[in-house]
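Below: the structure, in structure tokens.
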Amino acid sequence: MRRRTWRAAVVAVALAGALAVWLLATRTFPYHSLNHDEGVYLQQAAMLLEGQLFIRPPVEESFRPWFFVDDGNRLYPKYAPVPAAIFALGKLAGGYRLALAGITAVTLALVALIVREVFDRRTGIAAAAIMLCSPLFVIESAVFLPYAPTTMLNLAFAYGYLRADRTGDWRVAGAAGAAVGLAFFARPYTAVLFATPFIVHACWTLAREPRVALPRQLATAVFGLTGVGLALAYNATVTGSPLVFPYEAFAPLDGLGFGQRRILNHEIDYTIELALRANARVLAQFVTDWIAGGILGAAVAAVGVGVTIRRGLSPREAILAGLLVTVPVGNVYFWGNFNILGDLERAGDGLIATHGPYYHFDLLVPVAAFGAVGALALAAGARRLADRKLTPEAARVALVAALLVSTLAIGGVTATTFDEKLDRNAAVTDTYEEVYAPLEDGPSERSVVFLPTPYGDWLAHPFQALRNDPDIDGQRVYALDERPFAVVDAYPDRSLYRLAYRGAWAPHAGSPQAARLQRVDHVAGSAVELNTTVGVPPTAEGVTMTVTTDDDSATDVAENVSEETPVRLTVTDESVRIHGAPWDSTEPLPIDDRDDIVVTVFVDQGPGSSFSYRLELPVRTEGDTVRALTPSVERCSSIRDCGGEAAYIPDQSLDGLFVRTELAVSDAN
């Protein structure tokens, strides 16, 4: 009966965790989070479902997803495929987020099973509950990142190893080896740090009882090395060398070690002193903000360690205690723990503010285990003390009161910190919702949508929810405007659109405030004419227009300013010319074969009130034919605003301030 009750309790905790993560994933992270690696894993999952390890874009510069390695005419992710494959299983079951719920349920069940193996059933249930109440566990399990799936594999290894250690079953030992092999394939260093205490224990058992321990340890080693072999074979397939991991091919200095570390344009000298400072801050936040009960929970876990040592630390208990050493010490050697802090001198900066110290995700396991030991030991001690000092009735009242107060204290700390983390992530989601709103209802036809590039020429960075199918031929194709005419040629029968937003890209601060999906026309002929009308307030003191090509520029002042001021440009295969009132005719400006003609109309209203309209017209010449796309349009409060973050949003523009454009084929003469 007690066994059935315990199993029912495990199932209840696992299902509660799965439901909590499902709700968080669908309500707080419907567009994914600030960590743009989510889009990488989901893109990789979609590729695996199609049987692809590579994508081959028609225009490489316009279709390179974030953190994909450029390998000639093909691209592949910098990450190993194991987490993506687990997410893909969720898609097969009905939706990617089902994988998150499944990972959560399995992880919580494994925590209970492992702690039962090391301690007892009650401690196992308590440990699973503590794990579930940890903000780091819940938030990180609700996003498509590799830490929760890898921990699930590590826990499967731990449970199999401990069970085989108790029963001598080499088949279970082999399953444990397969699990840790997959964990190594997913995240090699994470798996090594987790497995180290088990390896020490395995060596101890081999030295103590070689004939008994050898069969099961050999099974674990063989199947574990199979996972290592899979990782090396994958490396050889995608990078060309079994010893070169994809992340190393992407950025050779983005890995373990001290000294010069670099990824893309981010570079530091990762000294031992800096590593210790950064990791001390990460661990401080882990203890105070990201485990159940915060610092109170950490104190209870410390009590649990002390109680376990006082009782006589068994070799199996020493394995869990060893994780308290290998995970934090090993992470000092990895500069990623510096990167998640953002500004080291400013609290609440970096991804750690919204996602927590996720490189220490495995550390939740021993903290939950010893937290459970400590909590039960404190409860038992309080009961004994009450029995000695009070009457039975008074003892029961005092015990209930103590449990209630301690639960409220620890629960209050957890709820407060968890609510703060949810608010930060919810604010990001609110901003994403504003940016993605124009795409919710359209376009419905087969189309190409050009995306902004606040972080450089990458897809899914930051727009993770806007991903292409592996064959880049879905109903909606997303592209960068790096080579827009090549994209148009690759998709000649599709409608064209451009997504633009207004405000600096800072979702955590509620910016951008609005977005627009602009229809883009493609015209071609012996000459192209851009007819524009801009709104000028009656208070304007003057209007100046500047036309800039890649190699030259020309400026003109309007002779007569009207509330609807026209701007007319004609582009031929050799030049661009401004003409028509209220502007003086100017000399033509030469253009290149590929050029972006920028028209800036400055409206002078005195200091603090002046503003500019900015139009960027992509053009390309092919022989005597000129091609052009509808220009992007901005209304800039200052020069610093222009360049991608000041999109003109018609329905949010002030009265009298507007831009109307028309692009047409013209007679070159």
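For the reader, a short list of remarks on this structure follows.
- Residues in the stretch 217-227 that are farther than 15 Å from residue 319 by Cβ and either in contact (Cβ under 8 Å) with a residue 60 or more places away in the chain or not hydrophobic (A, V, I, L, M, F, W, C) (or both): 224, 226, 227.
- Residue ID - farthest from the chain's Cα centre (by Cα), chosen from residues in the stretch 129-180 that are acidic (Asp, Glu) and more than 22 Å from residue 35 (Cβ to Cβ): 169
Quick grid of which residues meet (1) within 23 Å of residue 456 (Cβ to Cβ); (2) at pLDDT 90 or above:
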position	(1), (2)
612	no, yes
621	no, yes
631	yes, yes
635	no, yes
640	yes, no
648	no, yes
652	no, no
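- Count - residues of the stretch 57-93 that are modelled with pLDDT of 95 or more and at positive phi: 1
- Scanning the stretch 622-644 for residues that are polar (S, T, N, Q), surrounded by fewer than 21 Cβ atoms within 10 Å (Cβ to Cβ) and part of a strand (DSSP E or B) returns a single hit, 625.
- Filter pass, residue 283 being modelled with pLDDT under 95, farther than 16 Å from residue 373 by Cβ and within 26 Å of the chain's Cα centre (by Cα): no
- When residues in the stretch 187-214 are screened for being without any contact (Cβ under 8 Å) to a residue 60 or more places away in the chain and outside any helix (DSSP H, G or I), 1 of them pass.
- Test: residue 117 is in contact with a Phe, Trp or Tyr (Cβ under 8 Å, 6 or more places away or on another chain), farther than 15 Å from residue 18 by Cβ, assigned to a helix (DSSP H, G or I) and of a type in the set (Asp, Glu): yes
- Test: residue 308 is surrounded by 13 or more Cβ atoms within 10 Å (Cβ to Cβ), under 28 Å from the mean Cα position of the chain (by Cα) and either within 26 Å of residue 369 (Cα to Cα) or in contact (Cβ under 8 Å) with a residue 60 or more places away in the chain (or both): no
- Filter pass, residue 577 being at pLDDT 90 or above and either assigned to a helix (DSSP H, G or I) or basic (Lys, Arg) (or both): no
- Residues in the stretch 71-97 that are among the aromatic types (Phe, Trp, Tyr) and assigned to a strand (DSSP E or B): 76 only.
- Residues in the stretch 559-574 that are in contact with a strand residue (DSSP E or B) (Cβ under 8 Å, 6 or more places away or on another chain) and part of a loop (DSSP other than H, G, I, E, B): 561, 563, 572, 573, 574.
- In the condition set (1) farther than 26 Å from residue 510 by Cβ; (2) buried (at least 17 other Cβ atoms within 10 Å of the Cβ); (3) at pLDDT 95 or above, residue 32 is compliant with all but (1).
- Subset of the stretch 580-607 (residues that are on the phi < 0 side of the Ramachandran plot, part of a loop (DSSP other than H, G, I, E, B) and under 45 Å from the mean Cα position of the chain (by Cα)): 591, 592, 593, 605, 607
- Condition check for residue 537: surrounded by fewer than 19 Cβ atoms within 10 Å (Cβ to Cβ) and under 22 Å from residue 663 (Cβ atoms): no
- Filter result for residue 205 (buried (at least 20 other Cβ atoms within 10 Å of the Cβ) and at negative phi): no
- Residue count, the stretch 540-555 (criterion: crowded, with 17+ Cβ neighbours inside 10 Å and either touching a helix residue (DSSP H, G or I) at 6+ places or on another chain (Cβ under 6 Å) or part of a strand (DSSP E or B) (or both)): 4
- Tabulated pairs, the stretch 495-509, first of a type in the set (Lys, Arg), second buried (at least 22 other Cβ atoms within 10 Å of the Cβ) and part of a loop (DSSP other than H, G, I, E, B), C-beta under 6 angstrom, 6+ apart or interchain: 502/512
- Of all residues in the stretch 337-380, those satisfying the criterion of being free of Cβ contacts under 8 Å to residues at least 60 places away in the same chain and surrounded by fewer than 20 Cβ atoms within 10 Å (Cβ to Cβ) are 342, 343, 345, 346, 347, 348, 349, 350, 379, 380.
- Within the stretch 394-434, tally of residues that are modelled with pLDDT under 60 and over 27 Å from residue 375 (Cα atoms): 0
- Qualifying residue in the stretch 645-658 (condition: under 21 Å from residue 454 (Cβ atoms), assigned to a strand (DSSP E or B) and touching a strand residue (DSSP E or B) at 6+ places or on another chain (Cβ under 6 Å)): yes
- Residue match in the stretch 232-242 (condition: surrounded by fewer than 15 Cβ atoms within 10 Å (Cβ to Cβ), in a helix (DSSP H, G or I) and either touching a Leu at 6+ places or on another chain (Cβ under 6 Å) or hydroxyl-bearing (Ser, Thr, Tyr) (or both)): yes
- All positions within the stretch 22-70 that are outside any loop (DSSP other than H, G, I, E, B), over 14 Å from the mean Cα position of the chain (by Cα) and among the acidic types (Asp, Glu): 60, 61, 70
- Candidate set from the stretch 513-539 (those that are charged (D, E, K, R) and out of contact with any helix residue (DSSP H, G or I) (no Cβ under 7 Å at 6 or more places or on another chain)); member that is nearest to residue 577 (Cα to Cα): 529
- Taking the criterion of being part of a loop (DSSP other than H, G, I, E, B), under 25 Å from residue 73 (Cβ atoms), in contact with a strand residue (DSSP E or B) (Cβ under 7 Å, 6 or more places away or on another chain) and not hydrophobic (A, V, I, L, M, F, W, C), the residues of the stretch 468-506 that qualify are 468, 470, 481, 491, 494.
- Hey, residue 256 loosely packed, with under 15 Cβ neighbours inside 10 Å and either closer than 16 Å to residue 153 by Cα or in contact (Cβ under 8 Å) with a residue 24 or more places away in the chain (or both) or not: yes
The values are calculated or read from the model by the stated rules, or taken from the named source; none is laboratory data. Computed from a predicted structure; not experimentally measured. Positions of Cβ are generated from backbone atoms using ideal geometry, with glycine treated the same way; all protein chains shown enter the neighbour counts.
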